[in-house]
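For reference, the structure discussed in these notes is given below.
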Amino acid sequence: MIDLALAGDNAVAVGLSAAGLPETQRRKAAILGLAGAVVMLIGFALLTVQLLNMVGLLLAGLLISVTLMGVAATWTASLRHRFRWLAHVGLAIVFSVALHMIWEGHRSVVVDLGEVSAYNAALPAPLAITPDQVAAHQAGRN
């Protein structure tokens, strides 16, 4: 679910940026925003291709991703223009995903460093990392 939300945040960002503009500028802003995203995606894809040596698969995935991002950006811009409150929902989703990643990420680092007892000593009991959580994290790494 988190990966899906993060994949959609590019379209939401372009849509939100373009939605507040006049109709004549909205299309140009969406196209330029998507073009910038495409350039960055291609750059990262080329780097990844060099690292993984799977040219066809990665470029096909990139093409599909860029196409879907363009469709989603256009759709979210029109929705955002009609329903102004929708921007707040999108922002809340992106914000909650970011908080979740920060929370789980720092706890993962604590477990990886073996500092669970020091971490638990510094926090109230409801926020402590339980042995079951440590075991689940270690099982997920293997």
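Within region 76-87, track down each residue that is closer than 13 Å to residue 14 by Cα and either exposed (fewer than 14 other Cβ atoms within 10 Å of the Cβ) or more than 17 Å from the chain's Cα centre (by Cα) (or both). I'd like the intermediate steps shown before the answer.
At the first step, the residues of region 76-87 found to be closer than 13 Å to residue 14 by Cα are 76-81, 87.
Result: 77, 78, 79, 80, 81.
Kindly indicate which of 87, 45 is closer than 30 Å to residue 25 by Cα and at pLDDT below 80. Even if it seems obvious, please write down each step before you answer.
On the way: 87 fails: at pLDDT below 80.
Criteria check complete, one pass: 45.
In this structure, does residue 73 turn out to be out of contact with any Lys or Arg (no Cβ under 8 Å at 6 or more places or on another chain), under 27 Å from residue 12 (Cβ atoms), surrounded by 11 or more Cβ atoms within 10 Å (Cβ to Cβ) and at pLDDT below 80? Steps first, answer last, please.
Values: out of contact with any Lys or Arg (no Cβ under 8 Å at 6 or more places or on another chain): yes; under 27 Å from residue 12 (Cβ atoms): yes; surrounded by 11 or more Cβ atoms within 10 Å (Cβ to Cβ): yes; at pLDDT below 80: no.
Criteria not met by residue 73.
Exactly one condition in (1) within 21 Å of the chain's Cα centre (by Cα); (2) surrounded by fewer than 14 Cβ atoms within 10 Å (Cβ to Cβ) is false for residue 90; which is it?
(2)
The values are calculated or read from the model by the stated rules, or taken from the named source; none is laboratory data. All of these numbers come straight from a predicted model, not from anything done at the bench. Reconstructed Cβ throughout: ideal geometry from the backbone, glycine too, with neighbour counts over all protein chains shown.
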